[in-house]
Structures are given as C-alpha cells and as structure tokens.
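Chemist: Input: one structure, supplied below.
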Amino acid sequence: ISYELCDQSIPHSLRLIHPKLDEQLLLAKKVQLIDALKELSMHENNLEFLSPEYKDIIHNAEQLQAAFKLQPCHLERLYGMITDLYIDKFKFKGLNVKS
C-alpha cells in the first residue's frame with residue numbers, strides 16, 4: 001500500500017472543525033453559567049446591571065440546556081477527533097506520539 005500525505009490536509013481539517021468546536025465550547029460555557037445566573041436572579045430584584053449576553057442566557061436557559069442535552073458528548077468527540085488527527089499524522093510519518 002502506498003500513500004501520499006498532503007501537508008495541507010491537517011490545517012484544512014482543523015479549519016473545518018474549528019467553527020463546530022467554537023459553537024460547542026460557547027454552548028458549554030453558557031450552560032455552566034445558567035445555575036449561577038438563576039441564583040443571582042432569585043436574590044436580585046433588578047438585573048439591569050447584567051450584560052446583554054448574561055440576560056440572554058437567563059432568557060434562553062431552557063433552550064440552551066435542551067441543546068446541550070441533545071449533544072452531551074459532542075465536545076469530547078471533537079477533542080478526540082483533533083487528537084486522533086495528530087496521532088495519525090505522526091503515525092504515517094513513522095513516529096509514535098502516544099507514549
């Protein structure tokens with residue numbers, strides 16, 4: 001079996017994965033903030049001091065949690081894809097990077 005490894009395939013794959021990774025990271029961060037923001041909203045009468053982003057998280061908490069529950073392992077899978085990409089790249093070059 002012969003192969004030709006194109007050096008541009010790794011950066012291209014990462015450019016394709018990057019938007020999905022950003023989206024999942026942002027969703028995970030927002031979901032982590034929900035409980036704290038809900039607690040804050042229970043103790044404060046006026047939430048006008050919050051940034052628009054935090055107000056949006058409180059307003060859309062249920063939708064954010066539902067979206068996060070639909071894809072609970074998506075972020076870990078993306079991390080795994082990136083790790084495997086680099087492991088495979090060096091494996092094709094004859095290097096063992098696992099140890």
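Chemist: Condition test on Leu5, is it touching a helix residue (DSSP H, G or I) at 6+ places or on another chain (Cβ under 6 Å) and under 30 Å from Val97 (Cα atoms)?
Modeler: yes
Chemist: Surrounded by 14 or more Cβ atoms within 10 Å (Cβ to Cβ) and either without any contact (Cβ under 8 Å) to a residue 60 or more places away in the chain or within 14 Å of the chain's Cα centre (by Cα) (or both), is that true of Lys98?
Modeler: no
Chemist: Now, a different point. For a quick check of your reading of the model, give me the residue pairs whose first member lies in segment 1-23 and is of a type in the set (A, V, I, L, M, F, W, C), whose second is at pLDDT below 95, with beta-carbon atoms closer than 6 Å and at least 6 apart or on different chains.
Modeler: Leu5/Phe92; Ile10/Lys89; Leu21/Leu78
Chemist: In this structure, is Phe68 aromatic (Phe, Trp, Tyr) and either open to solvent by 90 Å² or more (accessible area, probe 1.4 Å) or farther than 30 Å from Glu4 by Cβ (or both)?
Modeler: When the stated conditions are applied, Phe68 passes them.
Chemist: Given the conditions (1) modelled with pLDDT of 95 or more; (2) surrounded by 12 or more Cβ atoms within 10 Å (Cβ to Cβ), and given that Lys91 satisfies all but one, which numbered condition is not satisfied?
Modeler: Condition (1) is where Lys91 drops out.
Chemist: So, in segment 50-65, exactly how many residues are open to solvent by 60 Å² or more (accessible area, probe 1.4 Å) and touching a Leu at 6+ places or on another chain (Cβ under 9 Å)?
Modeler: 2
Chemist: Which of the residues that make up segment 60-99 are within 30 Å of Lys38 (Cα to Cα) and of a type in the set (S, T, N, Q)?
Modeler: Asn60, Gln63, Gln65, Gln71 - these are the residues of segment 60-99 that are within 30 Å of Lys38 (Cα to Cα) and of a type in the set (S, T, N, Q).
Chemist: Okay, moving on. I'm checking my understanding of the structure. Among residues of segment 8-49 that are among the polar types (S, T, N, Q) and open to solvent by less than 60 Å² (accessible area, probe 1.4 Å), which one is nearest to the chain's Cα centre (by Cα)?
Modeler: The selected residue is Gln24.
Chemist: So the check is Cβ under 9 Å with 6+ separation or different chains; which pairs have a first residue in segment 46-70 that's basic (Lys, Arg) and a second one that's open to solvent by 60 Å² or more (accessible area, probe 1.4 Å)?
Modeler: Final answer for the pair search is Lys55/Glu48.
The values are calculated or read from the model by the stated rules, or taken from the named source; none is laboratory data. For clarity, every value in this text was computed on a predicted model and none was experimentally measured. Reconstructed Cβ throughout: ideal geometry from the backbone, glycine too, with neighbour counts over all protein chains shown. For accessibility, only protein heavy atoms count, side chains too; no ligands or nucleic acids. Shrake-Rupley method; radii C 1.70, N 1.55, O 1.52, S 1.80 Å.
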